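Following: one structure in structure tokens, then a few remarks.
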Amino acid sequence: MKVFLPMPLIALYVLCAALAAPVVAQQPPPVPPGARDVVRKGAEDRCYRPRTVRDLDTRRMADVIGAGRDLCLQLRRVADGPVAWRFTIIRNRTHPDGPVWAVLHDDEDAAFEAGVHAVRRYGGAMIAVDTDEARFNGGLDPNHSFAATAGQAAPCRVRAAPAYTAEVLDMFPPGAPVLSLHSNHEGHRLTGGLGDISAAVSAGGRHGLPTGSPKGALSDPDNVVLIPGRVPYVENRAAQAAARYFDGLGINVIYERVGRSDCSLSHHVTLVRGGPYYNIEVQHGAAAVQGQIIDALMGWLGVVPVPGG
Ligand SMILES: [Zn+2]
């Protein structure tokens, strides 16, 4: 016999079921049997087949990484006391002397994707933090953990992470620009959005410089080149020249005035390592736009694509 329950009762039943359902914490992706995340001593430099490793991003991009013989996938693991850090490294073994990129947040898939394409197109390498697709490593933000000493760590109220800091910074040859890739949420919290990066908002030491010649999606305020410096923007001729260049291409810039360190990569480079730093931020998912901005930044740095890139 069929029982017809009035609609409100069905809705009530569904609601109760949803409320009763346990909240499933984000579990690391299942590790395929035999997948590697621990690197045997002396095997750091071997190249792994993308489908055999734990990192989901790498498996998602296995066809791209595995196409041709130019890219080599390496794994790294370091520890600062009880804190272990895992890294996925993609190197262009045909053109190793190209730019180097840091991808620090494992929940920013567009950045990983754009990084792989950049290493193929311009040579060089990329180092990505692998935290099983989560944003943080345990409670630590990978982009607020750059401190090689207790003194560097003090202003940030984090523990020094010398092994982590060295693993990332040693990827960048002396004098080479430190380049990073991130993606962010729509808009800015201060103007009703979700993120904290927008060329339309100047706040917290960040000076937004929206382009005067917008070009469609490329010029969305969430898509920016972030340039740090110790002095106010009006005193930073190099940053102004870069901003003029990007403005002409329809690309937004944010100038970040660095005072007291927050142990981010931009602050660590500006206050400790020295040398140029550029971060390309795009809205989550905008890997193609990130690729366009990468091309523009390479133009600014005088880097040309490798043959076939
Ligand atoms: Zn990020």
Residue check, L140 against (1) of a type outside the set (S, T, N, Q); (2) within 16 Å of the ligand (Cβ to nearest atom); (3) closer than 22 Å to R260 by Cβ; (4) crowded, with 21+ Cβ neighbours inside 10 Å, all met but one. Which one? (4)
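A quick yes/no check of all residues on (1) open to solvent by less than 40 Å² (accessible area, probe 1.4 Å); (2) of a type in the set (D, E, K, R); (3) within 16 Å of the ligand (Cβ to nearest atom):
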{"position": "D63", "(1), (2), (3)": "no, yes, no"}
{"position": "Q74", "(1), (2), (3)": "yes, no, no"}
{"position": "P82", "(1), (2), (3)": "no, no, no"}
{"position": "I89", "(1), (2), (3)": "yes, no, no"}
{"position": "D109", "(1), (2), (3)": "no, yes, yes"}
{"position": "M126", "(1), (2), (3)": "yes, no, yes"}
Give all pairs with beta carbons closer than 6 Å in which a residue from the stretch 179-197 that is under 18 Å from A286 (Cα atoms) meets a residue that is within 15 Å of the ligand (Cβ to nearest atom) and assigned to a helix (DSSP H, G or I); count only pairs at least 6 apart in sequence or on separate chains. S180/L265; L181/A111; L181/A114; L181/G115; H182/A111; S183/A110; S183/A111
Going by the structure shown, is Y245 touching a Leu at 6+ places or on another chain (Cβ under 9 Å) and open to solvent by 10 Å² or more (accessible area, probe 1.4 Å)? no
Could you tell me whether the stretch 93-106 includes any residue that is among the hydrophobic types (A, V, I, L, M, F, W, C), away from the ligand (no atom under 16 Å from the Cβ) and within 13 Å of the chain's Cα centre (by Cα)? yes
Mind listing whichever residues of the stretch 273-294 are surrounded by fewer than 16 Cβ atoms within 10 Å (Cβ to Cβ) and either assigned to a helix (DSSP H, G or I) or basic (K, R) (or both)? A288
Consider only pairs whose beta carbons are under 9 Å apart and that are at least six residues apart or on different chains; among these, list those whose first residue lies in the stretch 205-229 and is under 13 Å from G248 (Cα atoms) and whose second residue is among the acidic types (D, E) and open to solvent by 20 Å² or more (accessible area, probe 1.4 Å). L209/D247; P210/D247; T211/D247; G212/D247; S213/D247; P214/D220
If I ask for residues that are farther than 26 Å from D57 by Cα and in a helix (DSSP H, G or I), which ones from the stretch 119-161 would you list? A150, G151, Q152, A153, A154, P155, C156
For a quick check of your reading of the model, give me the residue pairs whose first member lies in the stretch 100-113 and is among the β-branched types (V, I, T) and in a strand (DSSP E or B), whose second is more than 10 Å from the ligand (Cβ to nearest atom) and modelled with pLDDT of 95 or more, with beta-carbon atoms closer than 6 Å and at least 6 apart or on different chains. V100/G124; V100/A125; V100/M171; V100/F172; V103/F112; V103/G115; V103/A128
Can you name the residue in the stretch 165-200 that is away from the ligand (no atom under 16 Å from the Cβ) and either surrounded by 24 or more Cβ atoms within 10 Å (Cβ to Cβ) or aliphatic (A, V, I, L, M) (or both) and, of all such residues, is modelled with the lowest pLDDT? L190
As an exercise: evaluate G205 against (1) in contact with a His (Cβ under 9 Å, 6 or more places away or on another chain); (2) at pLDDT below 95 and give the number of the one condition it does not meet. (1)
For residues that are without any contact (Cβ under 8 Å) to a residue 12 or more places away in the chain and either at negative phi or of a type in the set (V, I, T) (or both), tally how many sit in the stretch 251-283. 0
Name the residue that is farthest from F172 (Cα to Cα), counting only residues in the stretch 297-309 that are surrounded by fewer than 18 Cβ atoms within 10 Å (Cβ to Cβ) and among the aliphatic types (A, V, I, L, M). V304
More than 20 Å from the chain's Cα centre (by Cα) and not polar (S, T, N, Q), is that true of P173? no
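The values are calculated or read from the model by the stated rules, or taken from the named source; none is laboratory data. Not measured: the values here are computed from a predicted model. In this analysis, Cβ positions are derived from the backbone assuming ideal geometry, glycine residues included, and neighbour counts consider all displayed protein chains. Areas reflect the complete protein model, heavy atoms only, side chains present, ligands, DNA and RNA absent. Shrake-Rupley method; radii C 1.70, N 1.55, O 1.52, S 1.80 Å.
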